[in-house]
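What follows is one structure encoded as structure tokens, with my remarks underneath.
The values are calculated or read from the model by the stated rules, or taken from the named source; none is laboratory data. Here the structure is a predicted model, which means the values were calculated and not measured. When the accessible area is computed, the model is the full protein with side chains, heavy atoms only, and any ligands, DNA or RNA have been set aside. Shrake-Rupley method; radii C 1.70, N 1.55, O 1.52, S 1.80 Å.
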Amino acid sequence: YLTPSFGRQFLFGVIAKNVIKISFFGILPLTILLLLTIKPYPAIALILFGILGFFTFLSVSITLVLAQKIMPEHKAVVSGVVGGLSWALAALSLSPLGLIAQHKSIEFAFIVVGILALSVGIFGINKDLNKVLSQYRNVKF
């Protein structure tokens with residue numbers, strides 16, 4: 001519905017960038033809020049846990065479409081690489097996070113995950129996302 005109204009150039013130029021930033025920058029505040037409400041208000045913490053999961057997966061489809069736009073002749077390969085890389089990085093991060101949770105606490109491990117997402121948002125998105133999106137603003141989709 002949004003594509004005919006605004007056009008793909010607007011969606012990939014403005015909305016994609018904002019959704020990816022919201023996805024990465026929203027994780028740490030929601031994690032801290034979840035940790036503050038988990039013991040006194042478990043029902044609210046359960047709702048926050050669902051919202052946190054939403055923010056975690058918010059940018060997945062947009063990054064997948066951006067990767068497919070980079071290599072349009074190999075969409076299936078790019079989808080497999082992006083999906084496989086994300087699952088591999090998640091699997092490789094589970095052991096160190098489990099070790100952190102075992103030696104410190106599960107709350108500290110949650111904070112570490114939130115800080116990692118925030119640091120990726122600060123150092124990775126601002127620099128590289130502008131390059132990728134600027135390449136495709138003038139391309140007709």
Got a number for carbon plus sulfur as a percent of segment 33-121's accessible area, 1.4 Å probe? 79 percent
What would the Debye formula give as log10 I(q)/I(0) at q = 0.15, 0.17, 0.19, 0.21 Å⁻¹ for the alpha-carbon point model of segment 34-131, no solvent? -0.80, -0.97, -1.11, -1.23
Residues of segment 25-104: accessible area per residue at 1.4 Å, in Å²? 68 Å²
Using 0.36 nm per residue of separation minus the Cα-Cα distance, give me the extension gain between Ser95 and Val60 in nm, one decimal. 10.3 nm
